[in-house]
Amino acid sequence: MIDDIIDDANQRMDKSLEALTHAFNRIRTGRAHPSLLEGLSVEYYGNDTPLNQVANVNIEDARTLTVTPWEKSMVPEVEKAIMKSDLGLNPSTAGTVIRVPMPALTEETRKGYIKQARQEAESSRVSIRNIRRDALGDVKELLQEKAISEDEERRAQDAIQKLTDSKIASVEDALQAKEADLVEI
């Protein structure tokens with residue numbers, strides 16, 4: 001029973017870390033990366049469709065992405081979706097290929113992105129702590145139902161705390177790596 005609670009908490013904490021990784025991928029650095037355009041939707045025959053389902057996104061060089069829509073009629077729609085995004089990108093079209101140059105980051109935008117990364121990391125930490133609280137509550141319920149002894153409860157609490165500490169350390173490591181990436185010129 002206790003192992004199930006700990007395994008569930010571990011899986012949920014891993015999902016929090018995965019969500020943090022996706023959030024960090026959306027924060028733009030000076031380098032081109034296809035995941036920057038991951039959250040964009042394009043109007044495709046009246047439906048909002050993810051960009052990666054209507055076009056191929058590749059890296060041309062360190063500072064340029066190329067977006068190649070599968071249908072020529074989608075070029076203006078894709079270009080408009082990239083312009084409307086809050087990423088601050090200005091695509092240029094050459095036939096059926098849309099080139100998206102990554103503008104150099106100013107000191108002000110770097111600070112803004114670092115602040116955003118710290119907020120994402122903090123929300124991930126809060127999520128992990130909430131999962132810990134839920135798991136400890138489940139263990140307390142088992143103790144009240146007399147399904148486990150007080151010694152088992154103490155061991156479970158220690159195991160959950162160690163798990164929480166390791167996941168929060170992972171958040172800190174990811175945040176430091178992202179900050180270093182953003183500061184890099």
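Every number in this text was worked out from the coordinates using simple rules, so none of it is lab data. Since this is a predicted model, take the numbers as computed values, not measurements. Using ideal geometry, Cβ is built from the backbone for each residue, glycine included, and neighbour counts are taken over all protein chains shown.
At a glance:
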{"quantity": "Acute angle (nearest 10 degrees) that the helix 107-144 long axis makes with the longest principal axis of the chain, alpha-carbon atoms", "calculated": "30"}
{"quantity": "Residues Arg63, Arg12 arranged by fewest to most Cβ contacts within 10 Å", "calculated": "Arg63, Arg12"}
{"quantity": "Debye, to nearest 20: dipole size of the chain, +1 on Lys, Arg Cβ, -1 on Asp, Glu Cβ", "calculated": "780"}
{"quantity": "Amide H within-cut-off set for Ile59, under 5 Å, with H built and near neighbours excluded", "calculated": "Thr66"}
{"quantity": "Exposed chymotrypsin sites (Phe, Trp or Tyr not before Pro) absent - longest run of the chain, DSSP non-H/G/I/E/B, at most 15 other C-beta within 10 Å", "calculated": "71-185"}
{"quantity": "Dipole magnitude (debye, nearest 20) for the range 34-101, charges at Cβ of Lys, Arg, Asp, Glu", "calculated": "160"}
{"quantity": "On Cα atoms only, tilt of 2-26 relative to the major axis of the chain in degrees", "calculated": "20"}
{"quantity": "Translational diffusion of the chain, µm² s⁻¹ [Kirkwood Rh, Cα pairs; Stokes-Einstein; 20 °C; 1.002 mPa s]", "calculated": "112"}
{"quantity": "Whole-Hz couplings from phi, Karplus 6.51/-1.76/1.60, listed for the range 172-184; x for Gly and Pro", "calculated": "4, 4, 5, 5, 4, 5, 5, 4, 4, 5, 6, 6, 4"}
{"quantity": "Residues Met102, Met1, sorted so that the one with the fewest Cβ neighbours within 10 Å comes first", "calculated": "Met1, Met102"}
{"quantity": "Listed residues Ile98, Pro34, Trp70: farthest to the positive end of the dipole of the range 34-101 (Cβ charges)", "calculated": "Ile98"}
{"quantity": "Percentage of interatomic Cα-Cα distances in the range 80-185 larger than 17 Å", "calculated": "69"}
{"quantity": "The chain: relative contact order in percent, alpha carbon pairs under 8 Å with at least 6 residues between", "calculated": "25"}
{"quantity": "Positive-end residue of Thr49, Ser124, Tyr113, charge dipole of the chain with Cβ unit charges", "calculated": "Tyr113"}
{"quantity": "Gain in span if fully extended, Asp8 to Glu71, counting 0.36 nm per residue against the direct Cα distance", "calculated": "18.3 nm"}
{"quantity": "Point-to-point label distance, Glu60-Lys140, nm (Cα→Cβ direction, 7 Å offset)", "calculated": "5.8"}
{"quantity": "32 Å Cα-Cα threshold exceeded, pairs from Lys115/Lys167; Lys84/Lys167; Lys140/Lys178; Lys111/Lys140; Lys111/Lys167", "calculated": "Lys84/Lys167; Lys140/Lys178; Lys111/Lys140"}
{"quantity": "Proxy reagent accessibility, fewest Cβ within 10 Å first, across Val75, Val67, Val97, Val126", "calculated": "Val126, Val97, Val75, Val67"}
{"quantity": "Evaluated over the range 34-101, the Cα radius of gyration and Dmax, each in Å", "calculated": "10.7, 34"}
